[in-house]
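Submitted below is the structure of interest, expressed as structure tokens.
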Amino acid sequence: MRFPLHITMDMLAHQARQAILRHRRYPYVLMLEPLYACNLACLGCTPERHTGKLADRLTLKQCLRAVDECGAPGVSLCGGEPTLYPELKELVAQTIRRRRHIYLCTNALLLDEKVFGLIPPHKRLTINVHLDGMRKTHDRVCDREGVFEKAVAMIRQAKRLGYHVMTNTTVFKETETSEVRALCELTKSLGVDGMLVAPGYHYETIQRDMFLTRAEIQKKFRRILGFSRHYRLTSTPLFLEFAAGLRDLPCSPWSTVTYTVRGWKGPCYLIAKQYTHSWKEFWEETDWEYWESRQDSRCTNCAMHSGFEASAVREIRRSPKDLVRMAAWNLLG
């Protein structure tokens, strides 16, 4: 299966519970950013994500409260660089005890020091390594030489040690689709369990001309869609068709909620209109209908998986054909 059976079943059970409760909107994934400190300053990252002091971090209690309050079955530990978080071992252990699935999103530079030998492999833990291209491209995006080679070495070691490993690739304006395919070939040879591919989002605070317009996204993703079936991409076919301009989807900003050092980030992982430490205030006072409509100017060129994968999943309920396609994609992937 493309996704392990226990993850698939837990996600389906979560959706069933929400349907019984007649909840139209509910979180699928919590993006938990316990700190803003990072050991890289990548070109495509908003400045708030690679600045800050290690002392200015969420407490373990705050992190776990966010996990409990939102109830999402998936928890993506990001930041900043989560391997720098001093309480990482306990955070992972406590989150697993809550029967959540953890995606440790990392640049992999410190896996051998902070994870291997300290946090054992577990079926509910996935190491998600950021790879934005082959060596030259990835090192340029990370603004440091040697990052690609270390990440690849850490992926190899993680697989040898028995961890479930994925990669996460952002497609930028200068990204050639031939390089995306070469990266797919590399991750396949490494035995990676899944590869997420998505277009980058142009944060307002980044002035570099490296992000794609909607037309550019569609052009590149039509080509990626063409070869996607040959690899273990975790970007669903429906999402890839949306990114390629072959189907339209509303946004589901509530499906991926974000808790940071500054509080709950609204309305979504990408747009910081406001912050609050109150889950109730964040959930009840955000104008979800407005953000679903994609009418805001900041949404014009957005096709990020964090907003649209849940929309793709919800679409299959309306189409028996898409339901069969998705089942086959997961079972035979």
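The values are calculated or read from the model by the stated rules, or taken from the named source; none is laboratory data. Note that the coordinates shown come from a computational prediction; the quantities given were computed from them, not determined experimentally. When we count neighbours, we look across all protein chains shown, and the Cβ atoms used for this are built from the backbone with ideal geometry, even at glycine.
Would you be able to say whether some residue in the range 97-104 is buried (at least 21 other Cβ atoms within 10 Å of the Cβ), of a type outside the set (Ser, Thr, Tyr) and in contact with a Gly (Cβ under 6 Å, 6 or more places away or on another chain)?
Yes: the range 97-104 contains one or more residues that are buried (at least 21 other Cβ atoms within 10 Å of the Cβ), of a type outside the set (Ser, Thr, Tyr) and in contact with a Gly (Cβ under 6 Å, 6 or more places away or on another chain).
Count, please, the residues in the range 186-214 that happen to be assigned to a helix (DSSP H, G or I), at pLDDT 90 or above and more than 21 Å from residue 142 (Cβ to Cβ).
Count: 2.
Of all residues in the range 215-227 being touching a strand residue (DSSP E or B) at 6+ places or on another chain (Cβ under 8 Å) and not charged (D, E, K, R), which is modelled with the lowest pLDDT?
Within the range 215-227, the match that is modelled with the lowest pLDDT is 217.
May I ask you to list the residues in the range 271-326 that are part of a helix (DSSP H, G or I), surrounded by fewer than 18 Cβ atoms within 10 Å (Cβ to Cβ) and of a type in the set (Gly, Ala, Ser)?
Answer for the range 271-326, where residues must be part of a helix (DSSP H, G or I), surrounded by fewer than 18 Cβ atoms within 10 Å (Cβ to Cβ) and of a type in the set (Gly, Ala, Ser): just 297.
I need a count of the residues in the range 239-265 that are farther than 21 Å from residue 297 by Cβ, crowded, with 23+ Cβ neighbours inside 10 Å and among the aliphatic types (A, V, I, L, M).
2
Next question. Residues in the range 146-153: is at least one in contact with a strand residue (DSSP E or B) (Cβ under 8 Å, 6 or more places away or on another chain), buried (at least 16 other Cβ atoms within 10 Å of the Cβ), not in a helix (DSSP H, G or I) and not hydroxyl-bearing (Ser, Thr, Tyr)?
So far as the range 146-153 goes, no, none of its residues is in contact with a strand residue (DSSP E or B) (Cβ under 8 Å, 6 or more places away or on another chain), buried (at least 16 other Cβ atoms within 10 Å of the Cβ), not in a helix (DSSP H, G or I) and not hydroxyl-bearing (Ser, Thr, Tyr).
Do you know which residues across the range 154-176 are buried (at least 18 other Cβ atoms within 10 Å of the Cβ), modelled with pLDDT under 95 and farther than 15 Å from residue 235 by Cα?
172, 175
Inside the range 296-329, can you point out the residues that are over 13 Å from residue 251 (Cβ atoms) and either under 18 Å from the mean Cα position of the chain (by Cα) or hydrophobic (A, V, I, L, M, F, W, C) (or both)?
Residues satisfying the conditions are 313, 316, 323, 324, 326, 327, 328, 329.
Of everything in the range 217-231, what is surrounded by fewer than 16 Cβ atoms within 10 Å (Cβ to Cβ) and under 14 Å from residue 174 (Cα atoms)? Give them in sequence order.
219
Exactly one of (1) of a type in the set (Ser, Thr, Tyr); (2) modelled with pLDDT of 90 or more; (3) out of contact with any Ser or Thr (no Cβ under 9 Å at 6 or more places or on another chain) is unmet by residue 297. Its number?
Only one criterion in (1) of a type in the set (Ser, Thr, Tyr); (2) modelled with pLDDT of 90 or more; (3) out of contact with any Ser or Thr (no Cβ under 9 Å at 6 or more places or on another chain) is unmet by residue 297, namely (2).
Separate question: Just to be sure before I move on: is residue 221 under 20 Å from the mean Cα position of the chain (by Cα), part of a helix (DSSP H, G or I) and more than 27 Å from residue 32 (Cα to Cα) in the structure I sent?
Yes.
Could you go through the range 123-131 and let me know if any residue there is modelled with pLDDT of 95 or more and out of contact with any helix residue (DSSP H, G or I) (no Cβ under 9 Å at 6 or more places or on another chain).
Within the range 123-131, one or more residues are modelled with pLDDT of 95 or more and out of contact with any helix residue (DSSP H, G or I) (no Cβ under 9 Å at 6 or more places or on another chain).
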